[in-house]
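Chemist: If you scroll down you'll find the structure; I have some questions about it.
What follows draws every value from the coordinates through simple rules; no lab data is involved. This is a predicted model, so every value here is computed, not measured. In this analysis, Cβ positions are derived from the backbone assuming ideal geometry, glycine residues included, and neighbour counts consider all displayed protein chains.
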Amino acid sequence: MWTRRDFFQLGTSGLTAAVAGTTVAAAEIAAAHMARRFHFVQIDVFASQRLLGNPLTVFTDARGLTDDEMQAIARETNLQETTFIFARDTAVEQTHGVKVRIFTPEQELPFAGHPTLGTAMVIRNRILAAKAAPAPAAQVVLDLKVGSIPVAFTTDASGQIFGEMHQKDPTFGRIHDRKGVAELMGIKSTDISDDAPIQTVSTGLPFAIVLLRERRTLQSLRPNQASIKTYCGQEQLTWLYYVTRDTQDPAIGVRCRGMYLDGEDPATGSAAGCTAAWMVRYGLANSGQTVHIEQGVEIKRPSQIFVSAEREGERVHNVRVGGNAVELAEGEYSL
């Protein structure tokens with residue numbers, strides 16, 4: 001049977017626990033206020049609608065973050081890439097561009113396509129707009145590990161902002177054996193078109209462009225990713241980039257897939273630039289012609305990439321890669 005003393009002791013212990021809990025909560029609140037806070041924006045790149053294209057997290061002011069912290073954050077976001085903006089004096093930015101670093105969950109990259117476009121879009125829409133500029137920026141220059149990359153902005157026919165990056169001039173590397181690549185991909189060598197060679201191309205990251213004859217081959221690819229990883233390591237490749245001109249849509253020039261060891265990329269802007277240069281070099285596109293690339297369909301993240309390149313004699317240059325991007329979310333990391 002409960003006595004008045006039992007109830008009194010229970011009430012006293014409950015009160016003590018409540019007070020202790022309040023103290024702990026207050027300590028947690030105080031610690032939260034002392035935490036370093038880093039604002040981020042998540043944006044879907046190479047898409048005009050949210051939840052399509054390639055997602056990217058952009059940290060708008062990364063000053064104070066260490067290399068290890070940026071790498072840990074990139075693992076935390078677990079996206080293909082995460083970018084970090086480091087503000088500098090206006091005079092420095094006007095000369096060299098806005099300093100940006102790009103991380104995958106595993107490593108830092110010197111360049112990548114959709115992070116360049118998405119980060120430039122965030123800088124234009126958020127950072128420069130907050131400075132009350134008289135008009136939206138027509139161009140943003142990013143200072144990346146690979147050098148300065150300008151991104152120009154226009155308004156497209158739908159009224160949305162369209163960004164176009166000017167990538168580094170391409171370098172053309174080794175031509176790969178068709179039979180050997182086919183074996184890596186689990187297809188017949190005759191499934192690979194002979195209209196252009198399988199060649200390593202780089203505008204900042206090296207990709208081997210593989211031209212497939214038919215869309216159905218592209219859709220059903222089951223490459224041996226472990227063997228491809230070994231092959232790419234030996235050849236110093238980022239990965240193989242699979243393309244076909246069999247799009248069954250006159251508005252789309254090329255369908256692509258970017259598949260790596262642990263998944264598939266919805267949009268690979270760096271490889272798309274390499275593809276533009278490669279197509280112009282081998283006569284699959286005219287000099288200066290804009291080609292509409294669609295990627296990511298097989299993983300339900302369709303991405304629309306628009307590319308062009310120019311050729312003068314044997315020189316291919318003026319590689320441009322563009323598209324839309326739409327913001328999806330924003331928040332803060334507390335460290």
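Chemist: For ILE252, which of the numbered conditions (1) closer than 28 Å to LEU79 by Cα; (2) assigned to a helix (DSSP H, G or I); (3) not polar (S, T, N, Q) fails to hold?
Modeler: (2) is the only condition that ILE252 fails.
Chemist: Related question: List the number of the failed condition for PRO302; all other conditions in (1) buried (at least 23 other Cβ atoms within 10 Å of the Cβ); (2) farther than 22 Å from VAL181 by Cβ hold.
Modeler: Answer for PRO302: the failing condition is (1).
Chemist: Between residues in the range 300-311 that are outside any strand (DSSP E or B) and residues that are of a type in the set (Gly, Ala, Ser), which pairs lie under 7 Å by C-beta distance while being six or more apart or on different chains?
Modeler: Pairs found: ARG301/GLY53; PRO302/GLY296.
Chemist: Could you pull out the residue among SER202, SER158 that is in contact (Cβ under 8 Å) with a residue 60 or more places away in the chain, surrounded by 13 or more Cβ atoms within 10 Å (Cβ to Cβ) and of a type in the set (Gly, Ala, Ser)? Working first, answer last.
Modeler: Working: SER158 fails: surrounded by 13 or more Cβ atoms within 10 Å (Cβ to Cβ).
Answer to the check: SER202.
Chemist: Yes or no: the range 263-275 includes at least one residue that is in a loop (DSSP other than H, G, I, E, B), free of Cβ contacts under 8 Å to residues at least 40 places away in the same chain and polar (S, T, N, Q).
Modeler: Filtering the range 263-275 down to residues in a loop (DSSP other than H, G, I, E, B) leaves 266-268.
From what's left, free of Cβ contacts under 8 Å to residues at least 40 places away in the same chain: none.
Scanning the range 263-275 turns up no residue that is in a loop (DSSP other than H, G, I, E, B), free of Cβ contacts under 8 Å to residues at least 40 places away in the same chain and polar (S, T, N, Q).
Chemist: Please go through (1) over 25 Å from SER227 (Cβ atoms); (2) surrounded by 24 or more Cβ atoms within 10 Å (Cβ to Cβ); (3) of a type in the set (A, V, I, L, M) for ALA271 and return the number of the only condition it doesn't satisfy.
Modeler: (1)
Chemist: Whether any residue in the range 287-296 is surrounded by 24 or more Cβ atoms within 10 Å (Cβ to Cβ) and more than 18 Å from the chain's Cα centre (by Cα) is what I want to check.
Modeler: no
Chemist: May I ask you to list the residues in the range 235-249 that are surrounded by 14 or more Cβ atoms within 10 Å (Cβ to Cβ), under 21 Å from the mean Cα position of the chain (by Cα) and in a loop (DSSP other than H, G, I, E, B)? If you could, list the steps in order and put the result at the bottom.
Modeler: Start the filter on the range 235-249 by keeping residues that are surrounded by 14 or more Cβ atoms within 10 Å (Cβ to Cβ), which leaves 235, 237-247.
Right, trim to under 21 Å from the mean Cα position of the chain (by Cα) and you get 237-243.
Within the range 235-249, LEU237, THR238 meet the criteria.
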